[in-house]
Amino acid sequence: MSIIHVRQIEAKLKSLFSDLIDLSDYANKSQAEKESAFLTRALAAFAILVTADIAPEQAALCITDGYGDNGIDAIYFDEHEKILFLVQSKWRHNGTGSIERGDALKFIKGVKDLINAEFERFNEKVKKRSIEIQDALLFANTRIALLLTYTGQAPLGEDISRDFNDFLRDMNDPSEVVELRVLRQGQLHSIIASGTLGAPINFDVVLRDWGQTREPFLAYYGQVSAAEVAAWDKYHPRLFAPNIRSFLGTTEINQSIIETLSSEPEKFWYFNNGITALCGTIRKKPIGGSSHDSGVFECTDVSIVNGAQTVGAIATANAKSPDGVAKATVMVRFISLENCSEDFAIRVTRATNTQNRIEKRDFVSLDPEQERLRTELQLEGVDYVYKAGYSLRDIKKGFDLTEATVALACAYSELNYAVQAKSGIGVLWEDVSKAPYKALFNSGVSSVRLWTLVQIHRAIEEQLKIEKNKRQGREAMLPVHGNRFLARQVFRYLSLKSLDDPKTDVQDILDRVKEVSARVVELTISAINEKYPESYLANLFRNIKKCHDIENVVDSLW
């Protein structure tokens, strides 16, 4: 059966990618070598096609396989989802075995070089895309998906799994930004045999305590087992409407969803807003009769238009704690598009994703200290906006809550506040009655000091942009991913005094920002090269221990 499956996979790849895969570097090779190269590259393109849900023509353009590829056979950045796909593929003609450890280690080394923007270590195919790749790595929320695909039947060996687990453990400290997905012969054949490539998503769902709306359009709603919802993640990303964001990973909100599923699964239904899905058709099956306690519904051409984060978080929690997830239920409504106008689906998608929701920062408006600061600043001709829905009239003569929080956090005596401002500023607003919020906003913070800190922080940010433009590769990423850490160091070495005094010469402080910022960047580069030369910068500056280590080295070099 193994050889048969490999031949069927081969036939599918040829039907999809014939004349699309570039083999110009094999012009003088034998037909057998060309054939092998085609299959290896087509397999890499296929992995991206099925994982990122893109067209064969687009997937074929992702190929980087060839001499000097540094172990990476294909690269694709999904700008909408902010996912960077990195692929290694191996074609096994006999359908046996797995990936060799040497190839796996080469792939890991290539990934490290890529995320550190060491493009001189790659072939021209990668170098030509260096700007695109570097731009992707500069996004703070970019996630990296490592795709290993091969036509062998065997799973990854223990030593290879250990190598990848060690790599992922280092990369994902403190938050998950890199994941490994493996597509071997069984999964590849199942995808091809199912005939679901590009086909509508159809499935049955069990609704408990269900209800329905008949007019003007048919819809059913009810509770769905969270374990059943977790199974829907196998349809990612096609399950989600193309004009909404899919699962964003471990954001603050998603992490709270995962924690609830783990600690209080029976209360999840009460805390979650639920999921909205559109269907081509939906029919109740006879089983269960007319009882509304439970019913089985047949759904065709399903697309989730609201609740992508809920589905993704449930799938993540299910992988870690399936027993807890099994105890939770989710409110889901399925809206049938039968007899609906052509624009109805778009209107539902837009409406369900633009309704106002209460953010953590909204509770800040309840703190009387915020109004005190606003009033004092207004008397000085400075506009301070701390309530949602209001905007600044002139950025040069005012600032908002986010800018104030970042400036205060970076200037605070404890490093963890600046780190938190980078990893998730919402935590700083979580509870207005205690730290960390109260440590930043309290009666001891004068309006004069706050406005001065904001102005200094703006000057630091501008200088960091200049430092970024002066550099290349990994060093150019430092002022972006390490902006809060660097700002903290500049604040420390500016030796700020008397900021509460309106007579303090702010310009004198601003004049020193350029020199201090340049020195801080240089020393931080040296510290990182000494302590964490291979760490992914986007995650490095979210790790409090590593930031402490780097700060200590900077202090010793200063």
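The values are calculated or read from the model by the stated rules, or taken from the named source; none is laboratory data. Just so it is clear, the structure is predicted and the values come from calculations on it, not from any experiment. Note: ideal-geometry Cβ built from the backbone for every residue, glycine included; neighbour counts use all protein chains shown. Accessible surface is based on the protein model in full, side chains and every heavy atom, while ligands, DNA and RNA are left aside. Shrake-Rupley method; radii C 1.70, N 1.55, O 1.52, S 1.80 Å.
Karplus-based coupling profile of the stretch 361-366, in residue order and whole Hz: 5, 5, 6, 5, 4, 7, with θ = phi - 60° in 6.51 cos²θ - 1.76 cosθ + 1.60 and x standing for Gly or Pro. For log10 I(q)/I(0) by the Debye sum over Cα atoms at q = 0.07, 0.10, 0.11 Å⁻¹, computed directly from the structure shown, the correct entry in (1) -0.40, -0.83, -1.00; (2) -0.46, -0.90, -1.06; (3) -0.52, -0.99, -1.14 is (3). Computed with a 1.4 Å probe over protein heavy atoms only, the accessible area of T329 comes to about 20 Å². Between Q472 and I544, the FRET efficiency from the beta-carbon distance, with R0 = 41 Å, is close to 0.90. Probe radius 1.4 Å, ligands and nucleic acids ignored: give me the carbon and sulfur share of the accessible area of the stretch 386-467 as a rounded percent. Carbon with sulfur: 49 percent of the solvent-accessible area. With all protein chains kept in place, the per residue accessible area of the chain amounts to 47 square angstrom at a probe of 1.4 angstrom. Using a simple spin-label model with pseudo-atoms 7 Å out from Cα toward Cβ, S498 and D170 lie 5.0 nm apart. Counting only protein heavy atoms and a probe of 1.4 Å, the accessible surface of the stretch 49-188 is 48% carbon and sulfur. Annotation: amide H of F77 within the under-5 Å range of F85, sequence separation 5 or more or interchain, hydrogens built in the peptide plane. Annotation: the stretch 270-374 has a Kirkwood hydrodynamic radius of 17.1 angstrom, from the mean reciprocal C-alpha pair distance. The accessible area of W210, taken with all protein chains in place and a 1.4 Å probe, comes to roughly 20 Å².
Phi angles of the stretch 469-477 translate, via the Karplus equation with coefficients 6.51, -1.76, 1.60 and θ = phi - 60°, into HN-Hα couplings of 5, 7, 10, 9, x, 4, 5, 6, 7 Hz per residue; Gly and Pro are given as x. Here's the picture: charge each Lys and Arg Cβ at +1 and each Asp and Glu Cβ at -1 in the stretch 401-496, and of W429, S446, L496 the one pushed furthest to the positive end of that dipole is L496. Put simply, the amide H of F122, placed in the peptide plane, has no neighbours under 5 Å, leaving out anything fewer than 5 places away on its chain.
Sorting 517-525, 318-326, 107-115 by their mean Cβ neighbour count within 10 Å, with the most densely packed peptide first, gives 107-115, 517-525, 318-326.
Backbone phi angles across the stretch 548-558, fed through the Karplus curve with coefficients 6.51, -1.76 and 1.60 (θ = phi - 60°), yield HN-Hα couplings of 4, 4, 5, 4, 5, 5, 4, 4, 5, 8, 5 Hz in residue order; Gly and Pro are listed as x. Ranked by the mean number of other Cβ atoms within 10 Å of their residues, highest first, the peptides 341-348, 455-462 fall in the order 455-462, 341-348.
Once you reduce the stretch 55-77 and the stretch 189-226 to the center of their Cα atoms, the two points are 35 Å from each other. Legend: calculated FRET efficiency, R519 to A154, from the Cβ-Cβ distance at R0 = 56 Å, rounded to 0.05, equals 0.55.
What do you get for Rg/Rh over the stretch 6-115 if you use C-alpha atoms and the Kirkwood form of Rh?
Rg divided by Rh gives 0.95.
Dipole size of the stretch 106-190 about its Cα centre, with +1 on Lys/Arg Cβ and -1 on Asp/Glu Cβ: approximately 340 debye, rounded to the nearest 20. With an a/c value of 1.5 or above and a/b larger than b/c for the gyration tensor axes a ≥ b ≥ c computed over the alpha-carbon atoms, the stretch 43-90 is described as prolate.
Of the residues R350, R488, R238, the one with the largest accessible area comes first in the ranking R350, R238, R488, computed with a 1.4 Å probe on protein heavy atoms.
The 1.4 Å probe gives accessible areas that order L478, L366, largest first, as L366, L478.
Ranked from the most accessible area to the least, with a 1.4 Å probe and all protein chains present, what is the order of Y390, Y437?
Y390, Y437
Protection proxy ranking, highest mean first, for peptides 505-516, 117-128: 117-128, 505-516, where packing is the per-residue count of other beta-carbon atoms within 10 Å, averaged. A cut-off of 5 Å between modelled amide H atoms, ignoring neighbours fewer than 5 places along the same chain, links D400 with V385. Carbon-plus-sulfur fraction of the accessible area of the stretch 292-375, 1.4 Å probe, in percent? The computed percentage sits at 50.
Take the Cα of Q378, step 7 Å toward its Cβ, do the same at I4, and the gap between the two points is 7.9 nm.
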